[in-house]
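Before any comments, here is the structure.
Please treat every number below as a calculation from the coordinates, not as lab data. Since this is a predicted model, take the numbers as computed values, not measurements.
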Amino acid sequence: MSQSSPAQSPAAHDAITVEVVEHLAQLARIALTTDEILTLTGELGAIVDNVAKVSEVATPDVVATSHPIPLVNVFRPDVAGITLTTEQALAGAPEHDGSRFSVSAILGEEQ
């Protein structure tokens, strides 16, 4: 039942087989059709191939990076400012109890 796509290398074919995909699906409790298993076998094999290619060039002298450019903090300082009073905040609320917003329960939760 094992099929390999033309783009799939022998290394990926050895690592990712139909049996491996079936086993992973069983562990994840995912029901897959035969077509899905065959598709995933090829796709996961391609992923393994690409990881292998990256591993070939990721040598100790290549610094690991998570972003191609440095990140900077763009947040403003956390300084207390002018805020609304309770009355101002509740003025436009469709429902409130005088000190809090009133909202209906969601997802079947009741209090």
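Taking the Cα centroid of the range 27-66 and of the range 68-89, what is the distance between the two, rounded to the nearest whole Å? Rounded to whole Å, the Cα centres lie 40 Å apart. Close amide H contacts of HIS96 (hydrogens built in the peptide plane, cut-off under 5 Å, sequence separation of 5 or more or a different chain): SER102.
Eigen-decomposition of the gyration tensor built on the alpha-carbon atoms of the range 10-57 gives equivalent ellipsoid semi-axes of 22, 10, 8 angstrom, largest listed first.
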